[in-house]
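The values are calculated or read from the model by the stated rules, or taken from the named source; none is laboratory data. Not measured: the values here are computed from a predicted model. No Cβ is skipped: glycine too gets one built from the backbone with ideal geometry, and neighbour counts run over all protein chains shown. With ligands, DNA and RNA removed, areas are computed over all heavy atoms of the protein, side chains included. Shrake-Rupley method; radii C 1.70, N 1.55, O 1.52, S 1.80 Å.
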Amino acid sequence: MTMTDLRERCEGCSGCSLSQTRTKLVFGVGPEDAEVLFVGEGPGQQEDLSGEPFVGAAGQLLDDMLCIIDLGRDNCYIANIVKCRPPQNRDPSDEEQNACYPWLEQQIALLNPKIIVCLGRISAMRLIRPDFRITREHGQWFSRNGVPIMAMYHPSALLRDPSKRPETFHDLKTLQKKVLEMCDRTP
Ligand code: URA
């Protein structure tokens, strides 16, 4: 199966009630041979309208963060824990996450990334450990089935609380070091 096949199957998903309120499903974006995968929480309003992840204000900040370490949408894959917008931008429920997660697992299997970066608590609790503490454990490396994985603050959290930005700059430099160590094609 290719990513295009998976996307087509995913577009038809009605596995949870978010499928009834979505405008567009937000599958994910990036080259199919990307070595670094970023995983956010779920689409917001702009993403729901466009079908692209991280296109609103948080997305602009994410682009700026990536640019600092020579990464960008042309060499990374960006996806979310849930692919349909939770109304009023609430956190996706466990039920919604459970229904959607197998799609992300298949995406990860197809992509086979060398590094995974969780954006925010919801993503880290799902991909690293259910009791993950973002304030204490951001910027640290863990292993997910042998693949190095770390979490950083969600760009929306950085928009709300700019005092977290210096720590995130440090996390980005930690990521850059790992990219230089592990990746063949990514700068
Ligand atoms: N926040 C997310 O977690 N994902 C998006 O795609 C947009 C905003």
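I'd like to know if the range 109-116 contains one or more residues that are assigned to a helix (DSSP H, G or I) and either buried (at least 20 other Cβ atoms within 10 Å of the Cβ) or touching a residue at least 40 places away in the same chain (Cβ under 8 Å) (or both). Step through it out loud before you land on a result.
Narrowing the range 109-116 to residues assigned to a helix (DSSP H, G or I): 109-111.
Still in the running and either buried (at least 20 other Cβ atoms within 10 Å of the Cβ) or touching a residue at least 40 places away in the same chain (Cβ under 8 Å) (or both): 110-111.
Yes.
Taking the criterion of being open to solvent by less than 70 Å² (accessible area, probe 1.4 Å), touching a residue at least 40 places away in the same chain (Cβ under 8 Å) and not charged (D, E, K, R), would at least one residue in the range 126-141 satisfy it? Show your work before the answer.
Filtering the range 126-141 for residues open to solvent by less than 70 Å² (accessible area, probe 1.4 Å) gives 126-128, 132, 134, 137-139.
Then drop every residue that is not touching a residue at least 40 places away in the same chain (Cβ under 8 Å), which leaves 126-127.
Narrowing further to those that are not charged (D, E, K, R): 127.
Yes, there is a match, as at least one residue in the range 126-141 is open to solvent by less than 70 Å² (accessible area, probe 1.4 Å), touching a residue at least 40 places away in the same chain (Cβ under 8 Å) and not charged (D, E, K, R).
Under 9 Å between Cβ atoms, which residue pairs at least 6 apart in sequence (or on different chains) link something in the range 144-160 that is in contact (Cβ under 8 Å) with a residue 12 or more places away in the chain with a partner that is within 12 Å of the ligand (Cβ to nearest atom) and of a type in the set (S, T, N, Q)?
Pairs that qualify, where the first residue is in contact (Cβ under 8 Å) with a residue 12 or more places away in the chain and the partner is within 12 Å of the ligand (Cβ to nearest atom) and of a type in the set (S, T, N, Q), are A151/S123; H154/S123; P155/Q60; S156/N89.
Looking only at the range 140-147, decide whether some residue is farther than 18 Å from G59 by Cα, within 13 Å of the ligand (Cβ to nearest atom) and outside any helix (DSSP H, G or I). Quick ask: steps written out before the conclusion?
Our first condition is that a residue be farther than 18 Å from G59 by Cα; within the range 140-147, this holds for 140-147.
Remaining after also requiring within 13 Å of the ligand (Cβ to nearest atom): none.
No, there is no match, as no residue in the range 140-147 is farther than 18 Å from G59 by Cα, within 13 Å of the ligand (Cβ to nearest atom) and outside any helix (DSSP H, G or I).
For the range 47-58, what are the residues that are under 18 Å from P31 (Cβ atoms) and either away from the ligand (no atom under 12 Å from the Cβ) or touching a residue at least 60 places away in the same chain (Cβ under 8 Å) (or both)?
The one that is under 18 Å from P31 (Cβ atoms) and either away from the ligand (no atom under 12 Å from the Cβ) or touching a residue at least 60 places away in the same chain (Cβ under 8 Å) (or both): F54.
Conditions (1) in contact with a helix residue (DSSP H, G or I) (Cβ under 6 Å, 6 or more places away or on another chain); (2) outside any loop (DSSP other than H, G, I, E, B); (3) farther than 25 Å from A157 by Cβ, marked per residue:
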site	(1), (2), (3)
E8	no, yes, yes
S19	no, yes, yes
P31	no, no, yes
P43	no, no, no
L61	yes, yes, no
G72	yes, no, no
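Counting just the residues of the range 29-46 that are within 17 Å of R7 (Cα to Cα) and within 9 Å of the ligand (Cβ to nearest atom), which one comes out surrounded by the most Cβ atoms within 10 Å (Cβ to Cβ)?
So the first thing to find is which residues in the range 29-46 are within 17 Å of R7 (Cα to Cα), and the list is 29-34, 37, 39, 42-43.
Narrowing further to those that are within 9 Å of the ligand (Cβ to nearest atom): 39, 42-43.
On the way: V39: 27, G42: 25, P43: 30.
Across the range 29-46, the extreme among qualifying residues is P43.
For the condition over 20 Å from Q176 (Cβ atoms), surrounded by fewer than 22 Cβ atoms within 10 Å (Cβ to Cβ) and out of contact with any Phe, Trp or Tyr (no Cβ under 6 Å at 6 or more places or on another chain), what is the one hit in N98, N80?
Details: N80 fails: surrounded by fewer than 22 Cβ atoms within 10 Å (Cβ to Cβ).
Just one listed residue meets the conditions, N98.
Considering only residues that are open to solvent by 70 Å² or more (accessible area, probe 1.4 Å) and assigned to a helix (DSSP H, G or I), which ones fall in the range 47-56?
The initial filter retains those residues of the range 47-56 that are open to solvent by 70 Å² or more (accessible area, probe 1.4 Å), namely 49, 52.
Within the range 47-56, just L49 meets the criteria.
Test each condition in (1) under 20 Å from L62 (Cβ atoms); (2) more than 15 Å from the chain's Cα centre (by Cα) for A151 and report the one that comes out false.
Single failed check for A151: (2).
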